[in-house]
Each structure stands twice: as structure tokens, then as C-alpha cells.
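Worksheet for the structure shown next.
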Amino acid sequence: MDEADARRRLAAAVPANVRAVCETLAAAGHEAVTVGGAVRDALLGRAPGDWDVATSAHPDAVLKLFRRTVPTGLKHGTVTIVTGKGEHTHVEVTTFRGEGAYSDGRRPDDVVFGVPRVEDLARRDLVVNAIAYDPVADVLHDPFGGRDDIAQRRLRAVGNPVDRFTEDGLRVMRAVRFAAMLQFALDPATEAGIAPALPSLAKVSKERVSDELRKILAAREPSRGLRIAERTGILALILPDAPKGIAAWHREVETWLARVDAAPTEVRLAALVADLADPAAPRRRLDRATQRRVDDVLRGLKFSNDEREVAAKLVGVAAADEETEWTAPDVRRLLADVGRPLARLAVELWQADGSGPELLALATQILDRGDALAVNELALDGKELMTALDMTPGPGVGRLLTALLDRVLEDPTLNTRDGVLELARHLELALARHD
């Protein structure tokens, strides 16, 4: 794409409210350019996300020029301009700045305003993110060759990779994420700068790390980023409590990557850590020890309660795909352990892992048929049973329901109103004799 084509594409992509912000700044004698990911995505023909503006105007001048503003990060030169109703109308404007040391491995200790535009672009992480476009003057600024990198589908750090990654440890995760998201190759010299910067990544909050990991897993082919993360030591750093998993990944990296790529998005976190499953654990029921191990690992990365619960349960049955002989009652009991809401996801994880056809076929038939997997799916509930059997509320009702479910898991044809009632009469007598 030549420069004229690039400018035409960008001119068409810049939203009206972003252009208006730039026009206001330009009319006051300041330079204003759109920068970052939106410019990159527009040049790629992708739908851009939020559009950010960089300007020569001091933050105080920006605050005075616009009626509705939010001092989002004045210390670092950022002001949010409110151009309408809703967050989608907000435009972040950041003053051109130079930066001091990054002693916390995440944010500069101090910034200097009033630097030239090229110096502001030079502080950015990757060359493809260091392109600026002035929508008022229709001028494209690409001092480091970002358009060429886009054409070559490669990612290079701006300047010295070790310096860029050491300044802000999260940049190594971003590089991996962009490799996956954009399906670009990471330049060898840039990749070589990751390992020396891992101490800076260790300083980054776990919430930021897990957020990048989520974005990697949401890419079309997460393997494009995860392969880099594994060989550069990123995964060993962010998953320090998973030595068995890390060892497995080193032995069977391509198998692991194929599983993650094949898994639907909602199953990929489980696919990522499925090697934490204990291969020696019983495979016909949920492995509670594995479930707790996975929960601990993901808690360390600050994943949400819901994310941990889903992944931990799914990995708790991941080893089931190694079992070769299954009966329908066995599979029903396993799916009952997982629970109806996650049962389909368990099947998808087994499928992504290339499980045997018998397990997949039985599980799919059971779910498609709607066989009962929980007490609340029995043909009679506890209240109806108490009425029919003249029972009083108490633990005996719960025991009876559990026993009924066990029989129905063995033979789902029993799950009719008359069938469950008949079973309940026999089981009530048996339980009473036991008590």
C-alpha cells in the first residue's frame, strides 16, 4: 500500500468526533494526530477500536479548549474529551511526552511534556503501533517503518527491544498478544529481547497479565502467541505453581497448542492448563484434587471466580479422554459430576484434545437426549415426594433424592413420574431399614 492509499484509508476511518477534537486543537495552534492501535488496524483493514489522539498541547491547554473533560491521567498527560453521550464518544488526548525511568516495571517515574512528535512515537512498544496520522492536514507520520512492517506482517520493537521491554514488563505480553491477534511473526531480534526483560514482567500486576492472557486466548489461533510465550520463558514465569504442566508443555508443545487452537473460546483457559490433570487419577469421575490444583493456579493469576470454576471443573475431567472403555452409565455419572451447565463444555474439551469416539459419542447422545444429570432434573421433586410418601422435611428427603438420582443415572428410562415414585417407595423402605 503506498502512502496515498494509506492516507485515503485513514481519512475514511477516522470518526467524526475524533476529527473534530483534532480540528479544535489545530485551530488553537497545536499539532494533533491519531496514534496507536486504531491507526494500525485501519491500515490493516480491520475494524479499529478506540481512537487515541496525541498532541503538542499541554494538558492544561487541553482542559481549557474543551467544555466537557475528565482529567483521566494528568500526571502522564492524558485528558479524556467527552464528545457526546456514552463512553463510545470519549476521546483520550495525551500530550507528546518523553519518559524517565520505569522503576516499577510498568509506568514511568516521571514524564516531560513538550517533546517533538517523533520522540513521543519513539517511546511506544512496537513499530506497527508507532504510526501517526494527522486527519486535519492529511499527513501520515511513519518514522520507523510501520507500514513496511504491516506489509511484511512482522512485529519489531521500537529501538532496542531489551530497553522497550524492560521499561514496561507488560510489553512482552503485548508482543505475544499481537503476534496471535494480528497473526504476525515476531522479529527474531525482538523476541530475543523478551527473556532479559522477564524480571520486569514479574513486577506487573497479575490482573494485567491475566487480561493479556485472555486476549491471547480469544485470538483466532492462540498458538501463534503461546508458542512464543512458552519458548521465551513467559509461561514458566506467570505459571510458577504449575511445574508438572510446564514440564508437559516442554515435552509435547505442539499437542498442547493444537488443543488450545481447536477448543472453542470459552474452553480455552481449561485447554491451556489441562496438562495439570493428574494422569494417575481415576478417569471415570471428577478428580477433585486436580480441580483444587487448577483453581489455585488460576487464583494466583487473579482470574475471576467464574473463570476458575469453569476451568477447574473441566480440567478435573480432562483425563477422561484417555479411558478407552465406557458405558453410558459411566458417562452419565461423569457428566453429572461436571454439572449440566458445563457438560457441553467438557465434551468440547475432550473433542479439542482428540478424544476417542466412544466417549464423545456417548456423551453427545446423553446430552442430546436430555438424560437427567442432577436431582432437580428428576421427574418428581422433593416436595412432591414428601406429599406422595407422607414424609416430613429432613435429611432423609435429601438422601432419598440422591439415591433416586443414582438409579436414574444407571437407567434413564426410570425417570418418569410413576417410575420415580415406585423407586422412591422401595428406596424409602431400604433407607429406613438402614437408619
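Taken together, the values in this text are just the output of simple stated rules run on the coordinates, not laboratory data. Treat the numbers as computed from the prediction; the structure is a model and nothing was measured. Ideal geometry is used to build each Cβ from the backbone, glycine not excepted, and the neighbour counts take in all protein chains shown.
Some points to look at:
- The ellipsoid that matches the Cα gyration tensor of segment 122-264 has semi-axes, each √(5λ) in whole angstrom, of 28, 17, 13, with the longest given first.
- Each principal axis of the Cα cloud of the chain was evaluated for its coordinate range; sorted largest first, these ranges are 91, 50, 40 Å.
- Per-selection Rg to Rh, segment 287-435 - Cα, Kirkwood hydrodynamic radius: 1.05
- Helix 288-300 and the longest principal axis of the Cα set of the chain meet at an angle near 20°.
- Electrostatic dipole magnitude of the chain [Cβ: Lys, Arg +1; Asp, Glu -1; Cα centre; debye, to 20]: 800
- Close Lys pairs in the chain (alpha-carbon distance under 16 Å; sequence gap of 8 or more, or different chains): 4.
- Computed with the Debye formula from one identical point scatterer per Cα of segment 37-147, without solvent, the log10 of I(q)/I(0) at q = 0.14, 0.17, 0.18 Å⁻¹ comes to -0.62, -0.92, -1.03.
- Residue (of Ala175, Ala122, Gly98) at the positive-pole extreme of the chain, dipole from beta-carbon charges: Gly98
- Solvent-free Debye scattering, log10 I(q)/I(0), computed from the Cα coordinates of segment 375-434 at q = 0.15, 0.22, 0.25 Å⁻¹: -0.36, -0.79, -1.04
- Computed as a quarter of the hull surface, the mean projected area of the alpha carbon convex hull for segment 1-98 stands at 6.6 nm².
- Rounded tilt (10° steps) of 253-262 against the dominant C-alpha axis of the chain: 80
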